[in-house]
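Notes for the one structure printed next.
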Amino acid sequence: SFCSGADLGGMSDNNEQQILKYKEHVTKFKNCLAAIHQLKKPIVAAVNGYALAGGLGLAAACDITLAAESAQFGAPEINVGLWGMMISAPLVQTIGYKKTYELFYTGKKINSFEAKEFGLVNTIFPDSDLLEEAMQFARSLAKRNPTALSLGREAMQMIEGMDYEKSLTYLRDQVIILGETKDSKEGMTAFLKKRQPVWKGC
């Protein structure tokens, strides 16, 4: 499995130690989702097997989600009397409220083709090809300007929910900032000189 969610064993107990352990677990998961959001590099998920509950949230939180044909996605929390609280944030951001409600209310599993229709998956591969295709995609990203990827990812996150005209003003400023970086100047110089750029990450 990519991730089949939290271990429910002991969660129903009123044991104080188990309660503390559960609180620690959900705090770590919150920190994980926050770290994914704050990271200044592209994040690619390769989903094989189950991506359920927290695993569904992880798949949604990544920038690009690639899936095996046999992958299964879902938010089954409602089936055991729970609700996918924290995964609501990346899911609503990725697939919108309507589709998130559908997954949460029904608790159903969907296959990779349905997940692509939902907007949760970018590309589907045969099971045997998934890892190599994901690594190949990651290697292609590694050849890109790391400064542009970092500033671009941050800009995409900043304009979420921003007034349209304000977002244009903000993005105009980011164009100027990016254009002044050494890596961007190197990229333009390499293009004009018909050579491969040498990125420094600055």
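Take the stretch 53-75 and flag every residue that is over 18 Å from V92 (Cβ atoms) and surrounded by 20 or more Cβ atoms within 10 Å (Cβ to Cβ). Result: L66, A67, A68, A71, Q72.
Scan the stretch 131-154 and give yes if some residue there is of a type in the set (V, I, T), surrounded by 15 or more Cβ atoms within 10 Å (Cβ to Cβ) and more than 26 Å from A61 (Cα to Cα), otherwise no. No, because not a single residue in the stretch 131-154 is of a type in the set (V, I, T), surrounded by 15 or more Cβ atoms within 10 Å (Cβ to Cβ) and more than 26 Å from A61 (Cα to Cα). Each residue in the stretch 163-180 was checked for being more than 17 Å from L149 (Cβ to Cβ) and open to solvent by 50 Å² or more (accessible area, probe 1.4 Å), and 9 pass.
Conditions (1) among the hydrophobic types (A, V, I, L, M, F, W, C); (2) in a helix (DSSP H, G or I); (3) under 18 Å from the mean Cα position of the chain (by Cα), marked per residue:
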residue: F137; (1), (2), (3): yes, yes, yes
residue: T147; (1), (2), (3): no, yes, no
residue: S150; (1), (2), (3): no, yes, yes
residue: M156; (1), (2), (3): yes, yes, yes
residue: T169; (1), (2), (3): no, yes, no
residue: D173; (1), (2), (3): no, yes, no
residue: I176; (1), (2), (3): yes, yes, no
residue: G187; (1), (2), (3): no, yes, no
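Just the residues that are more than 18 Å from S112 (Cβ to Cβ) and either modelled with pLDDT under 95 or not basic (K, R) (or both), please, taken from the stretch 124-142.
Within the stretch 124-142, the first condition is being more than 18 Å from S112 (Cβ to Cβ), and the residues that meet it are 135-136, 138-142.
Listed by number, the residues that qualify are M135, Q136, A138, S140, L141, A142.
Considering L66, L56, L91, L20, the condition of being among the aliphatic types (A, V, I, L, M), in contact with a strand residue (DSSP E or B) (Cβ under 9 Å, 6 or more places away or on another chain) and part of a helix (DSSP H, G or I) is satisfied by L56 alone. Residue check: is E117 farther than 22 Å from H37 by Cα, open to solvent by less than 70 Å² (accessible area, probe 1.4 Å), out of contact with any Gly (no Cβ under 9 Å at 6 or more places or on another chain) and modelled with pLDDT of 95 or more? It is false that E117 is farther than 22 Å from H37 by Cα, open to solvent by less than 70 Å² (accessible area, probe 1.4 Å), out of contact with any Gly (no Cβ under 9 Å at 6 or more places or on another chain) and modelled with pLDDT of 95 or more.
Counting the residues of the stretch 158-167 that are of a type in the set (A, V, I, L, M, F, W, C) and either farther than 18 Å from Q93 by Cβ or under 18 Å from the mean Cα position of the chain (by Cα) (or both) gives 2.
The values are calculated or read from the model by the stated rules, or taken from the named source; none is laboratory data. Everything numeric here is computed off the predicted structure, so don't read it as measured data. Cβ: placed from backbone, ideal geometry, glycine included. Neighbour counts: every protein chain shown. Heads up: the accessible areas ignore ligands, DNA and RNA and are worked out on the full protein's heavy atoms, side chains in. Shrake-Rupley method; radii C 1.70, N 1.55, O 1.52, S 1.80 Å.
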